[in-house]
Amino acid sequence: EAGVAQSPRYKIIEKRQSVAFWCNPISGHATLYWYQQILGQGPKLLIQFQNNGVVDDSQLPKDRFSAERLKGVDSTLKIQPAKLEDSAVYLCASSLDLVAEAFFGQGTRLTVV
Amino acid sequence: ELKVEQNPLFLSMQEGKNYTIYCNYSTTSDRLYWYRQDPGKSLESLFVLLSNGAVKQEGRLMASLDTKARLSTLHITAAVHDLSATYFCAVDLQKGWSDPDKLIFGTGTRLQVFP
C-alpha cells in the first residue's frame, strides 16, 4: 500500500516570498491533516480536512497560510508571504476517517532565509 | 492551556540497559499515541493506548496509560542501537467516540543508545 506522498522534500525561499506544498494521501483516506514541526518540537496541527471540508483550522495563521482540498483527495498548503519563523518541516497525514489512526508522510522541509 | 510534557528530553543510554520515558498531560484524555521519528524521516506509529490501564508491548518497547494520573510511560528493555530515534507521545483531545481526533504532541525525547 502506497503511503502519504509529499512534495517537494526540501524548499529554500527568501522571506516575503510565497511557497506551496502538495500532499497526496493514502488512497481511500477521507481525513487529511497538515502539521507544522519546528526543529526540536513536536508537530502542531495546522488544519484538518474531512473530504473537501475543513474540520479544524483553529491553529492555522490565516493571514498568511491557506490550504485547500478541492476534490477531497490531494491537498495544497500555501504560505504567502513567508516569514523566517515559518522555517519548519510541514507534515501531511491521512486517516480513513476522523477517528482512525493517522499515517504521516515524509514531510517538506522549508527554510526561509 | 493544554500541556503535554515529556521527560527526559534527551536520553543517552548504554546498550542492554533499561529506561522509561514519561509523558504527562494536563487535560482529560482516554487516548494516547506513541510515535517514533528517525532523523529526516516521518513519524512512525508505535502504539495506540485507548483506555485507562492499557498496556501494549512490541519487542523491547512497552507502553502504558494511566488516565487518572494523566501519565503515559514508554519503557525500554535491554536497549539496542536500532532504538536510537526521537520518541513522541501525542494526546488525543477527542471528547467522544464520534468526535474527530485532535492530537497534541509532546516535545519529544531524543534517545541515543551507545555500545
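Taken together, the values in this text are just the output of simple stated rules run on the coordinates, not laboratory data. It should be emphasised that the depicted structure is a prediction, and the values quoted were computed from it without experimental measurement. Don't worry about glycine lacking a Cβ; one is built from the backbone with ideal geometry, like all the others, and counts go over all protein chains shown.
What the table below lists for this structure:
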{"read-out": "Peptides B:65-72, A:89-96 ordered by average Cβ neighbours within 10 Å, highest first", "value": "A:89-96, B:65-72"}
{"read-out": "Summed side-chain charge close to B:ALA78 - residues other than B:ALA78 whose Cβ falls under 15 Å, Lys, Arg +1, Asp, Glu -1", "value": "-1"}
{"read-out": "Loop-exposed trypsin sites (Lys or Arg not before Pro) per DSSP, neighbour cap 16 Cβ within 10 angstrom, longest uninterrupted part of chain A", "value": "A:17-61"}
{"read-out": "Chain A, relative contact order [Cα under 8 Å, separation at least 6], %", "value": "37 percent"}
{"read-out": "Percent antiparallel among DSSP beta bridges (both partners in chain A, rounded to 5)", "value": "90 percent"}
{"read-out": "Shielding score for A:42-55, defined as the mean number of other chain Cβ atoms within 10 Å", "value": "3"}
{"read-out": "Shielding by other protein chains, B:29-35, mean Cβ within 10 Å", "value": "1"}
{"read-out": "Length-normalised contact order of region B:4-114 in % [C-alpha pairs under 8 Å, at least 6 apart]", "value": "36 percent"}
{"read-out": "Residue mean of other protein chain beta carbons inside 10 Å, A:31-41", "value": "2"}
{"read-out": "Distance from region B:46-91 to region A:34-98 (C-alpha centre basis), Å", "value": "27 Å"}
{"read-out": "Peptides ranked, highest mean first, by Cβ atoms within 10 Å: ranges B:25-36, A:20-31", "value": "B:25-36, A:20-31"}
{"read-out": "Dipole magnitude of the protein assembly as shown about its Cα centre (Cβ charges: Lys, Arg +1; Asp, Glu -1), debye to nearest 20", "value": "500 debye"}
{"read-out": "Share, in percent, of DSSP beta bridges within chain B that are antiparallel, nearest 5", "value": "90 percent"}
{"read-out": "Sites A:ARG16 and B:MET13 - FRET efficiency at Förster radius 45 Å, r taken between beta-carbons, to 0.05", "value": "0.50"}
{"read-out": "Around A:ARG109: net Lys/Arg minus Asp/Glu count, Cβ-Cβ under 13 Å", "value": "+2"}
{"read-out": "Estimated FRET transfer efficiency (A:ARG9, B:GLN112; beta-carbon r; R0 25 Å; 0.05)", "value": "0.50"}
{"read-out": "GluC sites (Glu not before Pro) within region A:60-113, DSSP loop, no more than 14 other Cβ atoms inside 10 Å", "value": "A:GLU101"}
{"read-out": "Too-long pairs where the Cα-Cα distance tops 32 Å, listed order kept, from B:LYS17/B:LYS102; A:LYS62/B:LYS68; A:LYS83/B:LYS3; A:LYS71/B:LYS41; A:LYS71/B:LYS56", "value": "B:LYS17/B:LYS102; A:LYS62/B:LYS68; A:LYS71/B:LYS56"}
